[in-house]
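One structure is given here, and the rest of the page talks about it.
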Amino acid sequence: MELKSLFLKVNNELENTENRRVSRKITCKKCGKQVSVSKIRKNFFICPECGHYFPVRARRRILMLTDKRSFVEMDRDLESKNILSFPEYEEKILAAKEKSRENEGVICGTATIGGSKVCIFAMDGNFMMGSMGAVVGEKITRLFEYATKESLPVIGVTVSGGARMQEGMVSLMQMSKVSAAVKRHDSKGNLYIVLLTNPTTGGVDASFAMLGDITLAEPGARVGFAGPRVIEKTLNQKLPEGFQKAERVLECGFIDEIVKRPEQKDYIDRLLKLHGM
Amino acid sequence: MNDYEIVKNARSEKRLTSVDYIKLLVKDFAEFHGDRLFGDDRAIVAGIGKIGDIPVTVIGIEKGKDTNDRILHNFGSAMPEGYRKALRLMKQAEKFDRPVVCFVDTAGAYPGIDAEERGQGRAIADCLFEMSNLKTPVLSLVIGEGGSGGALALCHGDEIWMEEDAYFSVVSPESCANILWKNVEKADVAAKALCLTAPKLYELGLIDRIFSADKKKLKNEIVNCLQNLMELSKEELVDRRYEKFRKVGY
């Protein structure tokens with residue numbers, strides 16, 4: 001592991017703490033108001049003015065959902081290779097590492113939630129938009145295999161633009177690989193709870209994001225297979241209000257419940273307890 | 001042909017479609033319709049018949065022939081009910097110990113409001129999920145276009161074969177060029193970089209065989225393959241399939 005990564009903070013407006021002494025403000029994309037960063041951070045990364053959900057990096061996501069100091073990471077060192085010698089891919093990986101301060105687009109491990117032991121993965125939108133390449137697929141597969149062996153539930157937090165183009169068919173077939181591992185976990189009677197966050201689309205939507213026993217989503221999260229621009233172009237018409245938003249996807253029958261960020265940990269804890277954990 | 005020409009050729013209206021392959025290879029074909037949940041998606045042509053002496057379930061993504069036929073088959077872009085029909089018939093095949101042969105030829109699953117709202121993502125995911133544990137042999141043949149998740153949904157087989165001039169890709173070269181370089185003109189660069197041709201995918205170990213549309217030879221190859229797979233116990237078959245996908249990328 002790079003020593004550096006222990007000290008450096010993630011490189012985005014909300015996570016960068018280098019200027020902490022100065023009270024910083026950022027403009028909320030939704031309401032346009034100036035909001036203090038510390039207030040947002042204390043408010044589960046939700047805008048205190050308008051309720052807009054800011055993206056949350058994977059590591060913080062796990063902190064939000066699990067018991068303090070319970071998370072033990074697995075397979076942190078797996079790093080992507082440019083299997084197809086795809087142009088400009090190495091540069092993109094480097095930039096993604098710099099931006100996310102992570103080695104890849106998903107973090108996996110074990111933790112406890114309300115004292116119950118779980119396997120957990122959280123995808124990171126700062127790493128090439130949470131796209132799924134061989135390493136993301138491998139890490140999630142290994143997690144499901146471990147959970148199957150140990151009879152543990154899996155909690156998954158998804159955020160992804162889909163399969164990673166730069167790895168071609170290798171990335172597409174991660175959908176098959178992970179789905180097969182989820183099936184084995186499922187066949188042994190284990191619980192898989194998935195929390196869909198904004199956005200969960202493409203190949204991730206068409207595989208493990210849609211395979212939970214219980215499917216939760218954050219308010220307003222975009223959930224869907226095809227990109228909205230592709231659909232607009234195909235149909236040559238504007239998309240209806242709320243299309244592919246979690247609330248609409250729930251109405252269509254594909255989400256069990258929409259759970260607000262401050263309530264997610266307790267909600268998942270309750271579900272675990274109801275499964276005797 | 002360069003790689004982009006292969007993609008364009010795979011889209012050509014002159015190529016054999018799934019229905020042609022069914023006519024060439026399958027005796028006594030009986031087509032079955034509907035997913036029993038919503039409707040019948042004509043983009044998927046499915047039923048039972050015999051290849052050689054083996055009763056099989058056949059599932060093909062069909063693009064159609066002339067304009068009217070193409071509209072009827074939605075240009076080979078399946079809706080969720082198409083994937084659910086496919087899965088229903090695969091489960092039926094498992095019940096009656098029939099192998100499944102899939103013919104794959106699609107630019108992709110249909111990107112529409114209705115398709116999304118009826119759960120396109122879930123329908124594809126369910127195919128992958130259930131096929132991974134289907135206790136009967138599955139052979140998938142990419143005969144033309146292997147367009148992303150919509151094609152992959154029917155490729156969770158014991159073996160994946162590709163016609164020599166077919167392609168299989170995570171994304172169309174045009175979309176790839178547009179997303180990465182904001183320039184559709186660079187689709188040829190994208191096509192090359194994506195490693196989407198049959199020889200390249202064979203070299204990468206992602207497909208098992210390259211075939212030519214020679215009727216007699218192909219029929220023999222399919223019969224041999226199915227016979228070998230039918231000799232495996234159900235457990236061996238499913239374990240072997242798991243390992244096949246397990247090693248992708250690692």
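The values are calculated or read from the model by the stated rules, or taken from the named source; none is laboratory data. What you are looking at is a predicted structure, and each value in this text was computed from that prediction instead of being measured. Quick reminder, even Gly has a Cβ in these numbers, built from the backbone with ideal geometry, and neighbours come from all protein chains shown. The accessibility values were calculated without ligands, DNA or RNA, using every heavy atom of the protein model including side chains. Shrake-Rupley method; radii C 1.70, N 1.55, O 1.52, S 1.80 Å.
Positive contributions from Lys and Arg (+1) and negative ones from Asp and Glu (-1), summed over other residues with Cβ under 13 Å from the Cβ of B:THR17, come out at 0. In chain B, the longest principal axis of the Cα atoms and the axis of helix B:215-231 are about 60 degrees apart. For chain B, the longest principal axis of the alpha carbon atoms and the long axis of helix B:120-131 meet at an angle near 40°.
For peptide A:82-88, compute the average count of partner chain beta-carbon atoms within 10 Å of each residue's beta-carbon. Intermediate values should be presented prior to the final figure.
Values: counts 0, 3, 7, 2, 7, 6, 3.
Other-chain Cβ atoms within 10 Å of each residue's Cβ, averaged: 4.
With R₀ set to 51 Å, the beta-carbon distance separating B:ASN2 from B:LEU232 gives a calculated FRET efficiency near 0.80.
Rounded to the nearest 100, the interface formed by chains B and A buries 4400 square angstrom of accessible surface, both chains summed, with a 1.4 Å probe. For chain B, the relative contact order works out to 18 percent when only alpha carbon pairs closer than 8 Å and six or more residues apart are counted. Rg and Dmax of segment A:56-274, based on Cα coordinates, read 16.7, 52 Å.
Filter the chymotrypsin sites (Phe, Trp or Tyr not before Pro) in segment B:89-186 down to the DSSP loop ones having no more than 14 other Cβ atoms within 10 Å, then list what survives. Spell out each step's value before the answer.
Working: sites: B:PHE96, B:PHE103, B:PHE129, B:TRP161, B:TYR167, B:PHE168, B:TRP181; in loops: B:PHE96.
Loop-located and lightly packed - B:PHE96.
Look at the dipole of the protein assembly as shown built from charges on Cβ: of B:THR57, B:TYR167, A:LEU195, the Cα furthest out on the positive end belongs to A:LEU195. Computing Rg and the Kirkwood Rh from the Cα coordinates of the protein assembly as shown gives a ratio, Rg/Rh, of 0.98. Summing charges over neighbours of A:SER179, with a neighbour being any other residue whose Cβ is under 11 Å away from its Cβ, gives 0 when K and R count +1 and D and E count -1. Amide H contacts of A:SER131 (H built 1.01 Å from N, in plane; Pro and chain starts excluded): A:GLY161 sit under 5 Å, all sequence-distant by 5 or more or on other chains. Extension gain for B:SER12 to B:ASP53 (0.36 nm times residue separation, less C-alpha to C-alpha distance): 11.5 nm.
By the Cα gyration tensor, segment B:121-247 has an equivalent ellipsoid whose semi-axes, rounded to whole angstrom, run 29, 18, 11 from largest to smallest. Sites listed here are GluC sites (Glu not before Pro) in segment A:232-277 whose DSSP assignment is loop and whose Cβ has at most 11 other Cβ atoms within 10 Å: A:GLU241.
Expressed to the nearest 5 percent, the antiparallel share of DSSP beta bridges inside the protein assembly as shown is 45 percent. Screening chain A for whole DSSP H helices with an alpha carbon extent of at least 18 angstrom along the helix axis and a mean Kyte-Doolittle hydropathy of at least -1.0 yields A:134-150, A:174-187. How large is the helix-only mean residue ellipticity at 222 nm for the protein assembly as shown, computed as the sum of -39500 (n - 2.57) over DSSP H runs with n ≥ 4, divided by its residue count, in deg cm²/dmol to the nearest 500? Estimated from H runs of four or more residues: -11000 deg cm²/dmol. Counts of other chain beta carbons within 10 angstrom of each beta carbon in peptide A:215-228 average 3.
Let me know the mean shielding of A:155-165 by other chains, meaning the per-residue number of their Cβ atoms within 10 Å of its Cβ. Mind showing how you got there, number by number?
On the way: counts 0, 0, 0, 0, 0, 0, 1, 4, 5, 2, 10.
Partner Cβ neighbours, averaged per residue: 2.
Farthest toward the positive end of the dipole of chain B, out of B:ALA86, B:ILE48, B:GLY205, is the Cα of B:ILE48, where the dipole comes from beta carbon charges about the Cα centre.
The charge dipole of the protein assembly as shown, taken about the Cα centre with unit charges on the Cβ atoms of Lys, Arg (+1) and Asp, Glu (-1), comes to about 1760 debye, rounded to the nearest 20.
Residues A:ARG61, A:ARG222, sorted by accessible area with the largest first, give A:ARG222, A:ARG61 [1.4 Å probe; ligands and nucleic acids excluded]. Solvent exposure of A:VAL230, expressed as accessible area, is near 80 Å², computed with a probe of 1.4 Å over the protein chains only.
Which trypsin sites (Lys or Arg not before Pro) from segment B:174-246 combine a DSSP loop assignment with at most 16 other Cβ atoms within 10 Å? Each step should come with its number before you reach the end.
Values: sites: B:LYS182, B:LYS186, B:LYS192, B:LYS200, B:ARG209, B:LYS215, B:LYS216, B:LYS217, B:LYS219, B:LYS234, B:ARG240, B:ARG241, B:LYS244, B:ARG246; in loops: B:LYS182.
Passing sites in segment B:174-246 are B:LYS182.
Rolling a 1.4 Å probe over the protein heavy atoms gives segment A:56-274 an accessible area of 37 Å² per residue. Of the cross-linked pairs B:LYS50/B:LYS247; B:LYS50/B:LYS234; A:LYS99/B:LYS200; A:LYS188/A:LYS265; A:LYS30/A:LYS81, those separated by over 30 Å at the C-alpha level are B:LYS50/B:LYS247; A:LYS99/B:LYS200; A:LYS30/A:LYS81.
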